[in-house]
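As structure tokens, the structure follows; a few thoughts come after it.
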Amino acid sequence: MKSKSARSPKGEARRDAIEVEGRRMLLEEGYARVSLRAIAMRLGISVGNLQYYFPTKDDLVEAVIAAEIEASLSILDGITWDPGRPGECIHGAARALLHHHAGDSGRFYAIAEFLALNDPRYARLKARGYAHVFGYVEGLVHLMASHLEADLRARLAHILVALIDGASLQVQFAQAQLPEEHIDALAYDVAEAIQHLLENWK
């Protein structure tokens, strides 16, 4: 629980500034070069003051990555699903996620994947994010294919998430920034595949 000071407007502003600088350093310089001392110097505060908000480097990095995960989840949470327009809804979600992952967020996911392989705290963070995604997609499957039994819905949800993950990796690791129309075309193909699976999964 945050202290009263951390919850004050000044405390929140200081915390946000630290996260912004931590995000920038993680993105531009990589995890190994993230330094609380360097961040404190850039913000004109003491290391002790910074550590009031983030006691360790990993506390800060975890907060930055968690914010990126929340940004992706908010895209899903902001979609209103209409069973009468499944194709349109699925395409809109695929397009929004792939464009989101084509930017800095995709690079953060690559960093998070690497950290999760080596550190249990990041593995737990990844697991929490995926638990939310799988639960959300299972709800979508239930809405669009309510005739399926629960175990089949869960299996289909994992396949649909894998489709989005694979497409996101293609976008993230393209040798050059993909033109918007290429991302749109990939999103369309992914949405078509998802809709086909929803309609034909047995």
Query - chymotrypsin sites (Phe, Trp or Tyr not before Pro) within segment 137-202, DSSP loop, no more than 10 other Cβ atoms inside 10 Å - result: F173
**Report entry** Projected label distance in nm at D58 and E29, using a 7 Å step from Cα toward the beta-carbon
**Finding:** 2.0
Query raised in the report: Using 7 Å Cα-to-Cβ label points, what is the R124/L152 separation (nm, one decimal)?
Result: 3.8
Report summary line: A chain fully extended from H132 to Q51 at 0.36 nm per residue, minus the present Cα-Cα distance, gains in nm 26.2 nm
Query - GluC sites (Glu not before Pro) restricted to DSSP loop in segment 77-160 with at most 14 other C-beta within 10 Å - result: E149
Report summary line: proj_area_mean for segment 22-158 (convex hull on C-alpha atoms), units nm², value 9.7
Report task. Taking all protein chains together and a probe of 1.4 Å, list Y52, Y122 from the most accessible to the least accessible. Result -> Y52, Y122
Report summary line: Length gained if S74 through W201 is fully extended, taking 0.36 nm per residue and subtracting the Cα-Cα distance, is 43.0 nm
**Report entry** Residue-averaged 222 nm ellipticity for the chain, from DSSP H runs of 4+ at -39500 (n - 2.57), nearest 500
**Finding:** -26500 deg cm²/dmol
Report task. Work out how much length A110 to V161 would gain on full extension: take 0.36 nm times their residue separation and subtract the Cα-Cα distance, in nm to one decimal. Result -> 16.7 nm
Report summary line: Rounded to the nearest 10 Å², the accessible area of M41 using a 1.4 Å probe with every protein chain kept is 150
Query raised in the report: Using heavy-atom solvent-accessible surface (probe 1.4 Å) with all chains present, what is the largest-first order of D77, D165?
Result: D77, D165
Query - Cα pair distances of segment 141-202 binned at 10 Å [whole percent] - result: 21, 44, 24, 11, 1
Query raised in the report: Hey, what's the Cα Rg ratio for segment 1-100 versus the globular rule of thumb, 2.2 N^0.38 Å?
Result: 1.41
Report summary line: Using a 1.4 Å probe on heavy atoms of the protein chains only, the accessible area for H147 in Å², nearest 10, reads 130
Query raised in the report: Can you put R155, R14 in order of accessible area, largest first, using a 1.4 Å probe?
Result: R155, R14
Report summary line: Expressed as a whole-number percentage, the relative contact order of the chain with C-alpha contacts under 8 angstrom and at least six residues apart is 22
Query raised in the report: What accessible area, in Å² to the nearest ten, does a 1.4 Å probe give for L178?
Result: 50
Report task. Report the FRET efficiency, 1/(1 + (r/R0)^6), for R42 and Y188, where r is their Cβ-Cβ distance and R0 is 41 Å, rounded to 0.05. Result -> 0.45
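The values are calculated or read from the model by the stated rules, or taken from the named source; none is laboratory data. Every value quoted in this text rests on a predicted model; they were computed, and no experiment measured them. FYI the Cβ positions are ideal-geometry reconstructions off the backbone, even for glycines, and counts take in every protein chain you see. These accessible areas exclude ligands, DNA and RNA; they are computed on the full protein's heavy atoms, side chains included. Shrake-Rupley method; radii C 1.70, N 1.55, O 1.52, S 1.80 Å.
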